[in-house]
């Protein structure tokens, strides 16, 4: 896969007769170190992203120029602002001379979280996805994958003592109203509070007692988790669209419980 | 997660006040042994599926009954006809008393393929996904993930000898016209011929010579692969909709090349 | 990768001057449908294995003949006895004319398990690994990966109500004394009873009450699980060596708790 | 999982009567941001590690104190020197009051590599593992997983034109003589040159011509790759032990070719 800026036959640039436009063509699964600037929080965060970059290819063009995707990445990676991600997508569109560009970055992100009672510092790892589509306009979707605890209301109700609980992973994808901002930490807080209780990286015994009792006081089915999350996202006017789900790694089964809701608030 | 057929409080059956309908709720990542009957081919095939089963839950109902999904599976797994998969989805809909049911089964499938020159027998493993949606009507999408070889036209053109080639995985999802059938083996044959050459499980030297030269005679960009596959699927009137892609594990990079096309033929 | 039985240059067969013997060379990640015969249980089980097959290569030989591994597999796959797996490994050794052969097969296996109270039938998926080494003698190691439930004794002790619990996966690898047999189902039963309680695929409410209370009555740290499993394996004289571990997917953290014990009983 | 520094029952600290020592117990799959200082190279590198931390537990102690592992991590992560990793392992040993500690960190690492002809800058992602064992002494093993290109000598020899080639991933684990240093970049260079040719993140057409022809001029079986790598590691006196392998993602098969060598140079 090469570029046209050379005195060699440009196979990609030649004409294609099949009359088949391609929706997306580009590079997939590129790993790259990135730096996020979050003006609102502790500023600079370093992480490693897995990146997909695509453009639309018109029916008459034989191929795209794969190396240019990486060149765009080279110019941006060391100062990527989470609130300016669409700029990178537009640069791909321009550099590849395309009408339509798509950028997807998935990376681990670390939330500074203190233990609930002792205040012990810790870092909780979540997964973040930034996804952009640029043509005449820009579309941006932010996704967070957040671990938490779910405790089964039925198990609590029917049992003389105890209740099965487990780790769950909640996923929330959102679109934001024009001119609005929603920081990773803000969405994270909304999401993790939809579960029975939160998870932490460091828990001393008073903290463990707290999370254990909190979960037992706050039983939720996987259905309750997505519904409570939906209610919270409905209440935030910055959010115009969301797709949410929770996957609960049932401690009493080898399979998982799952629930999903998609809502476009602009359609009432 | 429990069932109502007991003299115990039915927490799931209680009323929910949040007024939030749930698009999909159920069990995810269930592994199960299945038997496929393919009247057209060698009849009975045994494999192991990873299964997701969901229903829609109306806003007023607190929870679904998770154990019923597994009960439906128990009644069907040992005689699953690849041309009657929608029956299972409808049974889920009925057993869960839902308006909408979703079934997804992903499983490895083995194609009997002889080596191109010596005729040595072998089994090629592909990945198959059956996905059904049932409400008033049934929607069925079949997906195949097929490995093959891609050889780069640019590399061949500009190099004095050789050309970089690599394994690629092509994915084709299709919808079929009412009353029509498309067998796994039929779609497989269409898909694998879109690449530079096919892969085999057993290759003797005359076979290896054949595939090596065939790939070199038939160079294709990732763009060519999806376009040639699109042309082939356009030519089959049984197919009304398709989503296809190819991911090429570039032998000269640590990242992959990717192309994707989606087309609804019913919309011309 | 080719075979010598052709009128073509046999590159693999040529002499190598680097004087470097190779411990293992062969094919990796071969997917293949297999049939297990378990005389002791319900007889015939169909599943899909991921298989690695290697031989040792002496310093003077340039290459091995990759296609022969698949040919051996073709002759065995449709009647693989779990108590005769070493035969396949020896066949690889002979067919490849090697002093040393290695065979590894990993596959999902399904245990028929009834719910503890209602007796509802269900299939629990576990992971099984058969690993053989053949040179002058044969070495065979069987590994089971079994899901279960663990409930934290500390959380129970310090909390006014509830206790965090989670799915755990216990892994047990064992060697058997000459002339002895240990069936998958036998080892499975030993392993799953080392946890706080077992998991099931179908649970009605009386069953869910049973597993919830059983787990609460039987709290175990990850340390307790491996120790109780070690005690059980020590008590079975058929087992001469074991390597066991448990990984608990903590419901209060995003990381896991882990413990491991290795013991060679022949060394006292 | 809790700590003893509280006025609560210390379940972990209580006595265990089973008389079963535990080889390894601790936390697994902890994701954490780390900073590597490489005095020899461009200094500071930010990445994200997946970390396992274990200690040995004597037969008489019921449990370890899981939260302490994370506390050790908190004190080190922002200034982790690749040449002082054993310090962290010893701190775990001391903080957990254990005789034996084990630390494993796996992380993506990026090598700055210019394209071979045009000199285009690019970053190649490799996988690095640091593994330490500390008891009376410290043992350190460094592992690199490096992608490259392999081209089949047999395919080239028997074919009129072309030769099948593919991405391969070579893995090298090494132990270093006391008082010696081996930087990631140094081992990386040794490893990648064992293949038919190297891979790059950005390749313009003159570069693509170069790598294509270089691979064709330099055909290697998976056996050749590990042997050439063994010869190179034998020649470096800093290296006292190595375990190497190469997995080639055959472009003509759906399975992989694999070869492995283990050598302890101290045993001649």
Revision key, fill the gap. Selection from region C:236-268 of residues touching a residue at least 60 places away in the same chain (Cβ under 8 Å) and assigned to a strand (DSSP E or B) yields C:239, C:240, C:241, C:242, C:243, C:244, C:245, C:246, C:247, C:248
**Study point:** Checking residue C:207 against (1) crowded, with 22+ Cβ neighbours inside 10 Å; (2) in contact with a strand residue (DSSP E or B) (Cβ under 7 Å, 6 or more places away or on another chain); (3) over 23 Å from residue C:223 (Cβ atoms), the condition it does not meet
**Key:** (2)
Practice item. Answer yes or no as to whether residue B:222 is at pLDDT 95 or above, buried (at least 19 other Cβ atoms within 10 Å of the Cβ) and under 20 Å from residue B:163 (Cβ atoms). Key: yes
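For residue A:168, indicate whether it is at pLDDT 95 or above, closer than 28 Å to residue B:10 by Cβ and either surrounded by fewer than 24 Cβ atoms within 10 Å (Cβ to Cβ) or within 11 Å of chain C (Cβ to nearest Cβ) (or both).
Yes.
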Check your understanding: Do you know which residues across region A:42-73 are facing chain D (nearest Cβ under 9 Å), outside any helix (DSSP H, G or I) and touching a residue at least 24 places away in the same chain (Cβ under 8 Å)?
Key -> A:45, A:47, A:48
Review point. Just a yes or no: is a residue in region D:105-127 at pLDDT 95 or above and more than 24 Å from residue D:189 (Cβ to Cβ)?
Key: no
Study note, to complete from the structure: Selection from region A:224-268 of residues more than 17 Å from the chain's Cα centre (by Cα) and under 13 Å from residue B:27 (Cβ atoms) yields A:248, A:249, A:250, A:252, A:253, A:254, A:255, A:256, A:257, A:258, A:259
Review point. Would you call residue B:184 touching a residue at least 60 places away in the same chain (Cβ under 8 Å) and either farther than 24 Å from residue D:154 by Cα or surrounded by 21 or more Cβ atoms within 10 Å (Cβ to Cβ) (or both)?
Key: yes
**Study point:** Selected residue [in contact with a strand residue (DSSP E or B) (Cβ under 6 Å, 6 or more places away or on another chain) and closer than 30 Å to residue A:70 by Cα] from B:177, B:172
**Key:** B:172
Revision key, fill the gap. Taking region B:118-154 and keeping residues free of Cβ contacts under 8 Å to residues at least 12 places away in the same chain and either under 30 Å from residue B:240 (Cβ atoms) or within 13 Å of chain D (Cβ to nearest Cβ) (or both) leaves B:136, B:137
Exercise for review: Could you run through region D:203-235 and say how many residues are touching a helix residue (DSSP H, G or I) at 6+ places or on another chain (Cβ under 7 Å), more than 8 Å from chain B (Cβ to nearest Cβ) and part of a loop (DSSP other than H, G, I, E, B)?
Suggested key: 4
**Study point:** region C:99-114, residues that are in contact (Cβ under 8 Å) with a residue 60 or more places away in the chain and closer than 19 Å to residue C:76 by Cα
**Key:** C:102, C:105, C:107, C:108, C:109
Study note, to complete from the structure: Filtering region C:245-268 for residues that are in contact with a strand residue (DSSP E or B) (Cβ under 7 Å, 6 or more places away or on another chain) and within 30 Å of residue A:122 (Cβ to Cβ) leaves a count of 16
**Study point:** Exclusive hit being within 25 Å of residue B:253 (Cα to Cα) and surrounded by fewer than 21 Cβ atoms within 10 Å (Cβ to Cβ), set A:129, A:117
**Key:** A:129
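The values are calculated or read from the model by the stated rules, or taken from the named source; none is laboratory data. Computed from a predicted model, the values in this text were never measured in an experiment. Every residue, glycine among them, receives a Cβ derived from its backbone with ideal geometry; neighbour counts consider all protein chains shown.
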